[in-house]
Amino acid sequence: MESFDTLADEVGALESRVSDAIFDAVRAQLRSDGGDEAKELERRLAKVRRSLQKAEMLLRGASDD
């Protein structure tokens, strides 16, 4: 069984990848003159990123129990 810290590390790495995807996707949308679409995409990906950050914090807290 994996430790909570190991899972938290994996979630943290995924959060970093999502952050990179946010910047790449928004840049691409802006280049294609899709400003409104870029804003919506950024909002959705930001929600994903925040959820992953919360999950990582919860997993790290769970390992202290």
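The values are calculated or read from the model by the stated rules, or taken from the named source; none is laboratory data. Note that the coordinates shown come from a computational prediction; the quantities given were computed from them, not determined experimentally. Positions of Cβ are generated from backbone atoms using ideal geometry, with glycine treated the same way; all protein chains shown enter the neighbour counts. Keep in mind that these areas ignore ligands, DNA and RNA; they rest on the heavy atoms of the full protein, side chains included. Shrake-Rupley method; radii C 1.70, N 1.55, O 1.52, S 1.80 Å.
Being in contact (Cβ under 8 Å) with a residue 60 or more places away in the chain and among the polar types (S, T, N, Q) is true for just one of 3, 32. Which residue is that?
Among 3, 32, only 3 is in contact (Cβ under 8 Å) with a residue 60 or more places away in the chain and among the polar types (S, T, N, Q).
Results for (1) surrounded by 13 or more Cβ atoms within 10 Å (Cβ to Cβ); (2) out of contact with any Asp or Glu (no Cβ under 9 Å at 6 or more places or on another chain), shown as yes or no for each residue.
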position: 2; (1), (2): no, no
position: 31; (1), (2): no, yes
position: 36; (1), (2): no, yes
position: 41; (1), (2): yes, yes
position: 59; (1), (2): yes, no
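Could you give me the residue pairs with C-beta distances under 8 Å whose first residue belongs to the stretch 44-63 and is in contact (Cβ under 8 Å) with a residue 40 or more places away in the chain and over 18 Å from residue 25 (Cβ atoms), whose second residue is of a type in the set (S, T, N, Q) and open to solvent by less than 100 Å² (accessible area, probe 1.4 Å) wherever it lies, and which are 6+ apart or on separate chains?
63/3
What residue, among those in the stretch 6-29 that are in contact (Cβ under 8 Å) with a residue 24 or more places away in the chain and among the aliphatic types (A, V, I, L, M), is nearest to residue 58 (Cα to Cα)? Spell out the reasoning first.
Step one: of the stretch 6-29, the residues in contact (Cβ under 8 Å) with a residue 24 or more places away in the chain are 7-8, 11-12, 14-15, 18-19, 21-22.
Narrowing further to those that are among the aliphatic types (A, V, I, L, M): 7-8, 11, 14, 18, 21-22.
Working: 7: 11, 8: 8, 11: 11, 14: 15, 18: 19, 21: 23, 22: 23 Å.
Filtering first and then ranking leaves 8.
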